[in-house]
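To start, the structure itself, in structure tokens.
The values are calculated or read from the model by the stated rules, or taken from the named source; none is laboratory data. Because the structure is predicted, anything quoted here is derived from the model rather than measured. In this analysis, Cβ positions are derived from the backbone assuming ideal geometry, glycine residues included, and neighbour counts consider all displayed protein chains.
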Amino acid sequence: MARRTAVVLIVAAAMLLAATGGFAQDEEFVFGMVLVGPRNDHGWSEAHYTAGQYVEQQVPGARMVFFESLNPADAPETTLEQVVEEMLAEGAKVIFTTSDEFEEDTLFVAQKYPDTIFINVSGDDALTGEAPANLSNIMGNMELGKQIAGCAAALATETGKLGYLGPLINFETRRLAASVYLGARYCYEHYRGGNPDDLSMTVTWIGFWFNIPGVTLDPTEETQRFFDGGADVVISGIDTTEALVVAGQRAAEGAKVWAIPYDYEGACAGAPAVCLGVPYFNWGPAYVQVVEAVKNGTYEQFWHWNPPYFEDISDNDKTAVGWVNGDALTEEQAAQLDEFIAMLAETDPGVLTADNIDDEGKQIGLWVGPLALQDGTVLAEEGEIVPPRSVWYLEQLLQGMTGDSSAQ
Amino acid sequence: MTRSSLLGQRALALGIGMASIAVSLLLTALIILAVGASPLEVFNKVTEGIGLTPTGLDMVRFSGVVNFWIPLMFVCTGLLVTFTAGLWNIGVEGQMMFGAVCATWVAQEVFLPTVVQVPLEMLAAALGGAFWAALTGLLKTRGGVHEIFGGVAMNNLANIFSIYLISGPWGNQGGQATPPFRQETLLLPMSSEFRVSAVALILMAVVFGGIFLALSGTRWGLELKAQGHSQRSALLLGVPVERNVLLAMALCGFMAGLAGSVRVLFTYGNLRPLVSGGIGFLGLLVVLLTGTRALWAPPIAFFFAAILGGSTRLKIALQLDQSLAGVVQGILVLMVILANGVRGRLRGRHPAQAPEPSASLEAEEAAIHG
Amino acid sequence: MSVEVRHIHKTFGAVHANDDISLTFADGRIYGILGENGAGKSTLMKILSGFYLADSGQILIDGRLVHYDTPRGAIEVGIGMLAQDPLDVGPLTVLENFVYGQPVGPLPDWQAARRRFAELAERLGFRLEPDMPVERLSIGQRQELEIIRLLALGVRVLILDEPTTGISAEQKSVLFASLQRLAREDGLTILFVSHKLEDVLELCDEVAVLRLGRLVGTAVMPVTTGELVAMMFGQALAPPSRRAATPGDTVLEVQDLFMASERVVMRDCQVCVRAGEVVGLAGLDGSGQQLLTRACVGLARPLGGRVLINGVDMTGRPYRDFLAAGVSFGAAGRLEEGLVAGLTLAEHFILTDAGQGWWIDRERGRQIAEERIAHYRIMGRPDSPIETLSGGNQQRVLMALIPPAPRLLVLEHPTRGLDVESARWIWEQILARCAAGTAVMFTSADLDELVTYSDRILVFYAGQVTEVPDARSVTVDELGHLIGGQRVGEEAGR
């Protein structure tokens, strides 16, 4: 019996060895993908992982090596530097570090390994000029996606109260929350015929990108609190899908509530009946561009803030930021939303780069005056466009929103 | 007990130990096969990840293991003290974090030559950790709060505090870590190949040696052992139980603070959330396995560091699920505990008079960590 | 059900605890198992009840060979042992302990269990409140609970290891009556382990005597005390002579002490103990004696009143201050209070040795340990873990840990669980210290001990303290009457 088991073990091992050996190809091109969370989080990290798989399909010979859940809590034994070195040992030529948590460490390894291309997602080192030539940044113009999300929320709400589940407070999270608010105000006024000042939106920052028991606020509990407080749509700004799950449970108990998840195209699947839609990142096309450029030797440093592909916002071969309607959206609402998206398309800023970000006339959807910050400071006068750089570095939430603009 | 039967027991213990290693290796191999990988390949990648390559020792990778081992050993050293005294210092994570916060404060606010600056940072971390642990100790001796509950609360507090500092006053424009520390505030690697801090390594060895001697050779160590077995009896024998609880906690916090300082001053070069990273809990596991046999702590801790460190290579090379290393670790721990049980059963049937802190704590740990 | 053991051997290291023991116990009879401490009685009983496995030998039940190696296995074949320290769970109630001590599903039938419990208790004459937390029971009541539990498990052979230590005379008579009923009416086999000859003489039908691991003889009652003592020790013993007391200065003075526990409230307690004097504290379990002893060593904080040691007010000071003031304390529970399971003999002496420096001198520790082992005739070696010693030897170690000449010696049940010879020897040690000027205060449930050794006796009843007018000439019967005579109407602890 033992002998037989041993034989089976050996045969199985040999087959697997042969199988893995078979992958080796002459023109293999290896790229690294460093994820801050698990690759199947139905959120931020999964979107990057899926994009990596997309690159493997689109670029002949491309092979991804990935490392998931690189953060002090899940992988205390390793650092970005060690992970990068292991990826280099695997032959990686370009490495995507897919979180602003990695911004500092990416700068460090980029300086240490000047022959490797590093792409830090959501960072600004290539915009500020701190980055060496082999370090570039990519971000999707989610501000437009969030405006669509805000519009969908305003179309659905019956109580006129929205809840926004925010992670921690920084430039990015402030401008995204504010974008939701802008979209919601616009649609509440234009499609619902309401007074936008009657629409309220409360932002609760849980303290991190995902729930850490005992450390962050519990997003499940916070969502319950929103609904208990009269809100009927909760928009998620965190990496995970608690808002949708809770809304699904409430709806099953008979409540009329909805949710809008974030980050990942398939996020609605958790509770389709209450999902109004999801704004998602589609990193694939941008990653293909980078990998091909590096492979062909045409890479040049860049800082890209990529817009949706407005002709077909859910065309995943083209768009950087997508939107899919959820099952909870009525036909009428869907039509209104299409109209809204078409309106946004008229001011499409295109790809914003370090060179054109300060150009006259670059407009990010509804970021037009009159707008004021939470403390009353005027951000833009009537009809004045808020420059994209000012959107990127948004100092406070907007006037009219409820919630903290900075950590207490 | 006669000499020959003692030898027999040694042989028995060794045999059981070997058998449990063999069983856990077999189980691991089966699990690896079940997820569709080759055990041999996994073994190769892990050993490669540790730095053991056919052409010799890869110092860069080996230093990765050592760098994880050093803070783990600081924590284990401290926990040996509290374990001997019968205390469950679950709060060791928070003590690491608070130590790291204190080291960060000095690194950011004090400007002195490196030879003074770095020791000052480490001292601040150690004192900070000791302070944090002493609070838990006071909660126990004065407030009657069990150290497990006090420790959990203090962990959360340290965590929230450090995240507040990072996203607030010490923040880097919304970044998720403080700005990198200045070069002269950091612990430096010995060489670009062997990237291990000599200061941290030597300090760790000295501290472990000192604590080992204190526990085995001093009256204080014997007092801790006595109160660890029976606090009531120790008190009646004249042991200053309450003072020793505070001292043991503070000493453990001191070590945990040092571990935290290594994390910020060497591993990361800045302060980030959850900087303790579960190393404290891993230390508890190591000490749970070694019991009071302190000399076993370094090899067992090194073994854990190696498995975890080697798994980085494993994950990237074979793209296996990230939890595999945890599963392997879990199997090993289970086997050691089982082997202890088997040995106890074979050894004879003395009804256990003073049960050692049992495995139920592990469940506690898992609940907190996971 | 009859039980037979054949050629039982058991060694612990170099100690041959049971050396070729063969005995037969018939049903419906009560057997006394006698022997001094360390004679091997407990080992034999633990083998019978599945706690130990014999190295060799056989156990037969009704002539059929049986094998088991756990207490559960023993209970399955019908043998159950009542341990010296009942193994119950403190915070649970009596009924919960009863239910969880049996094989039950996740949802026990509480009503049925309550009825069954009441039935058994009634039949045995035990008065146990099913809803009282076990931690508030006296040792005697905990034994009663344990007996009920074992009987409910269907045990036909009941082993009792030193059941009469630490219980009151009243509880003892209830216990004996119930044991006799179980043997005569239900045909149970009862094995009664004791060192107290009078208990054995009163209760048992036959005796078996062990000495140094071997069976030295059996006898059918009636037998005289002298015959039994001769079998146990090979000689007859007399108590140590009582010296003429010449009390010196007042060492301990307790004024208007006011204390309370869950079971008893004690008010206006006045006690005075002088150098060279032995004061015995008599009373039913939990009548307030322990409150007093604990207050006098700083282990319990009085609600009111003062405790003076050598004229210094020590009220509310910690235990270590009392130690520093020359007070020594020996608690009732040996391994719970006083000795540290897990430490060796030598380590105990090192801990209490003021001559040890910061760095332990192991050689000195070993020498002192050997000295004390020789002087106190302890069966053990310096490196023996304390928990491997027999109860009597543990008591000797406790005695050996007490400094040569403390100012005040407070002892709780100093000879509980000890055989006549060991008890006598312990008292020699106490009296020697007394002669050197130590003031002694002790509690005991053993009236003989109180009458024999006390210069003065204080009787505790429900927190009330009264001094026996003439302790020197009081008899056991008179003292028993004083303790129990006031029991009219209400009862202590209920």
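Exactly one condition in (1) in contact with a strand residue (DSSP E or B) (Cβ under 8 Å, 6 or more places away or on another chain); (2) at pLDDT below 95; (3) crowded, with 23+ Cβ neighbours inside 10 Å; (4) not basic (Lys, Arg) is false for A:LEU217; which is it?
Evaluating A:LEU217 over (1) in contact with a strand residue (DSSP E or B) (Cβ under 8 Å, 6 or more places away or on another chain); (2) at pLDDT below 95; (3) crowded, with 23+ Cβ neighbours inside 10 Å; (4) not basic (Lys, Arg) leaves (3) as the failure.
From the list C:GLU144, C:GLU135, C:GLU96, pick out the single residue that is over 22 Å from C:LEU160 (Cα atoms) and either assigned to a helix (DSSP H, G or I) or at pLDDT 80 or above (or both).
C:GLU96
Out of the residues in region C:340-359 that are among the aliphatic types (A, V, I, L, M) and buried (at least 21 other Cβ atoms within 10 Å of the Cβ), state the one that is farthest from the other protein chains (Cβ to nearest Cβ).
Restricting to residues being among the aliphatic types (A, V, I, L, M) and buried (at least 21 other Cβ atoms within 10 Å of the Cβ), the top hit is C:LEU345.
Any residue at all in region A:257-273 that is part of a helix (DSSP H, G or I), buried (at least 18 other Cβ atoms within 10 Å of the Cβ) and acidic (Asp, Glu)?
Yes, that holds for at least one residue.
When region C:256-277 is examined, which residues are found to be closer than 26 Å to C:ILE430 by Cα, surrounded by fewer than 21 Cβ atoms within 10 Å (Cβ to Cβ) and not charged (D, E, K, R)?
Selection gives C:GLN270, C:VAL271, C:CYS272, C:ALA275.
Considering only region A:86-104, state which residues are within 7 Å of chain B (Cβ to nearest Cβ) and of a type in the set (A, V, I, L, M).
A:MET87
Of the conditions (1) surrounded by 22 or more Cβ atoms within 10 Å (Cβ to Cβ); (2) at pLDDT below 95, A:ARG192 fails just one. Which one is it?
Failed condition: (1).
Please verify whether region A:366-376 includes one or more residues that are assigned by TED's automatic domain parsing to the domain that holds A:LEU217, in contact (Cβ under 8 Å) with a residue 40 or more places away in the chain, assigned to a loop (DSSP other than H, G, I, E, B) and closer than 15 Å to A:ARG174 by Cα.
yes
Taking into account only those residues within region B:174-190 that are assigned to a helix (DSSP H, G or I) and out of contact with any Ser or Thr (no Cβ under 7 Å at 6 or more places or on another chain), which is surrounded by the most Cβ atoms within 10 Å (Cβ to Cβ)?
Selected residue: B:THR185.
Somewhere in region B:304-317, is a residue more than 12 Å from every other protein chain (Cβ to nearest Cβ) and among the aliphatic types (A, V, I, L, M)?
Checked against the condition, which is being more than 12 Å from every other protein chain (Cβ to nearest Cβ) and among the aliphatic types (A, V, I, L, M), region B:304-317 yields no hits at all.
Is it true that some residue in region B:43-65 is touching a Pro at 6+ places or on another chain (Cβ under 9 Å), modelled with pLDDT of 90 or more and in a helix (DSSP H, G or I)?
The answer is yes; a qualifying residue exists.
Taking the criterion of being in a loop (DSSP other than H, G, I, E, B) and either within 28 Å of A:ALA271 (Cβ to Cβ) or within 14 Å of another protein chain (Cβ to nearest Cβ) (or both), would at least one residue in region A:382-393 satisfy it?
The answer is yes; a qualifying residue exists.
Just to be sure I understand, how many residues within region C:288-339 are closer than 18 Å to C:VAL265 by Cβ, among the basic types (Lys, Arg) and within 14 Å of chain B (Cβ to nearest Cβ)?
Number satisfying all stated conditions: 1.
Just to be sure before I move on: is C:ALA14 at pLDDT below 90 and either more than 14 Å from chain B (Cβ to nearest Cβ) or in contact with a strand residue (DSSP E or B) (Cβ under 9 Å, 6 or more places away or on another chain) (or both) in the structure I sent?
Considered against the rule, which asks whether it is at pLDDT below 90 and either more than 14 Å from chain B (Cβ to nearest Cβ) or in contact with a strand residue (DSSP E or B) (Cβ under 9 Å, 6 or more places away or on another chain) (or both), C:ALA14 comes out as no.
Here are A:PRO38, A:PRO60: which of them is more than 23 Å from the chain's Cα centre (by Cα) and either of a type in the set (A, V, I, L, M) or not in a strand (DSSP E or B) (or both)?
Just a single option satisfies the conditions, and that option is A:PRO60.
I'd like the full set of residues that are under 18 Å from C:ALA332 (Cα atoms) and touching a Pro at 6+ places or on another chain (Cβ under 8 Å), limited to region C:424-441.
Selection gives C:ARG424, C:ILE426, C:TRP427, C:ILE430.
Testing A:TRP209 on (1) surrounded by fewer than 24 Cβ atoms within 10 Å (Cβ to Cβ); (2) at pLDDT below 95, one condition comes back false. Which one is that?
All conditions are met except number (1).
Condition check: of a type outside the set (Phe, Trp, Tyr) and surrounded by fewer than 24 Cβ atoms within 10 Å (Cβ to Cβ). Does C:LEU389 satisfy that?
So C:LEU389 passes the test.
Please verify whether B:GLN183 is closer than 30 Å to B:SER197 by Cα, within 14 Å of another protein chain (Cβ to nearest Cβ) and in contact with a Lys or Arg (Cβ under 9 Å, 6 or more places away or on another chain), treating the condition exactly as stated.
So B:GLN183 fails the test.
Could you check B:PRO298 against (1) under 26 Å from B:VAL42 (Cβ atoms); (2) within 14 Å of chain A (Cβ to nearest Cβ) and say which number it fails?
Looking at each condition in turn, B:PRO298 falls short on (2).
Yes/no matrix, rows are residues, columns are (1) in contact with a helix residue (DSSP H, G or I) (Cβ under 6 Å, 6 or more places away or on another chain); (2) in the same structural domain as C:ALA219 (by TED's automatic domain parsing); (3) farther than 28 Å from C:ARG396 by Cα; (4) not acidic (Asp, Glu):
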residue	(1), (2), (3), (4)
C:LEU23	no, yes, yes, yes
C:GLY32	yes, yes, no, yes
C:ALA39	no, yes, no, yes
C:ILE47	no, yes, no, yes
C:ASP55	no, yes, yes, no
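Could you please give the count of residues in region C:301-331 that are in contact (Cβ under 8 Å) with a residue 40 or more places away in the chain, assigned to a loop (DSSP other than H, G, I, E, B), of a type in the set (A, V, I, L, M, F, W, C) and buried (at least 20 other Cβ atoms within 10 Å of the Cβ)?
Within region C:301-331, residues that are in contact (Cβ under 8 Å) with a residue 40 or more places away in the chain, assigned to a loop (DSSP other than H, G, I, E, B), of a type in the set (A, V, I, L, M, F, W, C) and buried (at least 20 other Cβ atoms within 10 Å of the Cβ) number 1.
Residues checked against (1) at the interface with another protein chain (Cβ under 7 Å from one of its Cβ atoms); (2) over 21 Å from C:LEU323 (Cβ atoms); (3) crowded, with 18+ Cβ neighbours inside 10 Å:
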{"position": "B:SER192", "(1), (2), (3)": "no, yes, no"}
{"position": "B:SER197", "(1), (2), (3)": "no, yes, yes"}
{"position": "B:MET204", "(1), (2), (3)": "no, yes, yes"}
{"position": "B:GLY209", "(1), (2), (3)": "no, yes, no"}
{"position": "B:ALA234", "(1), (2), (3)": "yes, no, yes"}
{"position": "B:ASN244", "(1), (2), (3)": "no, no, yes"}
{"position": "B:LEU247", "(1), (2), (3)": "no, no, yes"}
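Residues C:ASP285, C:ASP313, C:ASP353: which one is farther than 14 Å from C:LEU408 by Cα and within 21 Å of the chain's Cα centre (by Cα)?
Only one candidate passes the filter, namely C:ASP285.
Residue-wise test of (1) under 30 Å from A:PRO387 (Cβ atoms); (2) outside the structural domain of A:GLY129 (by TED's automatic domain parsing); (3) polar (S, T, N, Q); (4) in contact (Cβ under 8 Å) with a residue 12 or more places away in the chain.
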{"residue": "A:ILE235", "(1), (2), (3), (4)": "yes, yes, no, yes"}
{"residue": "A:PHE302", "(1), (2), (3), (4)": "yes, no, no, yes"}
{"residue": "A:ASN306", "(1), (2), (3), (4)": "yes, no, yes, yes"}
{"residue": "A:ASP312", "(1), (2), (3), (4)": "yes, no, no, no"}
{"residue": "A:GLN336", "(1), (2), (3), (4)": "yes, yes, yes, yes"}
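Right, A:VAL55: in a helix (DSSP H, G or I), within 17 Å of A:VAL290 (Cβ to Cβ), in the same structural domain as A:GLU292 (by TED's automatic domain parsing) and more than 21 Å from the chain's Cα centre (by Cα) or not?
no
Would you pick out the residues in region C:1-21 that are out of contact with any Asp or Glu (no Cβ under 8 Å at 6 or more places or on another chain) and not β-branched (Val, Ile, Thr)?
Correct list: C:GLU4, C:ARG6, C:PHE12, C:GLY13, C:ALA14, C:HIS16, C:ALA17, C:ASN18, C:ASP19, C:ASP20.
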